[in-house]
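FYI, it's all coordinate maths here, none of it is from the lab. Keep in mind it's a predicted model, so treat the numbers as computed, not measured.
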Amino acid sequence: MPNFNLLPIDEVIVPENRFRKEFSDEQIAALADSIGGPIGLLNLPILRNKKTLVAGERRLRAIKALYFVGRTFVYHDQPIPEGMFPFAPFESLDEETALEVELQENTIRVDLSWQERAQAVTALDAFRRKKNPEWTQADTAKEINAANQTGSVRDEIILAKNLDRPAVRNAKSKNEALKVLHKEMER
């Protein structure tokens, strides 16, 4: 039997400073259907101090959606009581390690907005450099398997530092944002 903890779902605390800010209702509904299916929940969300979410906000939202329509689910063939949230505890997770877990989870995801990804990659790079002054953007690129290696990480960092510019922040894609920023810099 798998080892996991349960907490009433309404007691889960989602920190306001999480990197992911945008969620697709369609993707949450699809994830809820998957979790509510015969296989159930595959990977446990992670909570620190048995209450603060570190990884798994999409799963949290999907489980809430299931409960909203009166459905339940299983985790490793174990029925989860309605209103409860199964999680893996990381009691010894300090603030810095919790940030590292969130950054790693979010830098490999493909469904982040380009703005969220740029911020997450920038934070991961800064985090790694703080722990190891020899760390490079190429090292960050390898960790997140970035295409175009160092250039991609460099672009993410440049964009994250310029998200306060409305034309950059509101661009529809990373490439469009880079073009907007390039034009602004030329002026």
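In straight-distance terms, cross-link reach from K131 covers every one of the lysines whose alpha-carbon lies under 24 Å from its own, apart from those fewer than eight places away in the same chain; here that gives K142, K161. Sequentially through the range 172-181, phi angles give Karplus couplings (6.51, -1.76, 1.60; θ = phi - 60°) of 7, 8, 4, 4, 5, 5, 5, 5, 4, 5 Hz, Gly and Pro residues having no value and appearing as x. In percent, rounded to a whole number, the relative contact order of the range 40-95 is 47, using alpha-carbon pairs under 8 Å and six or more apart.
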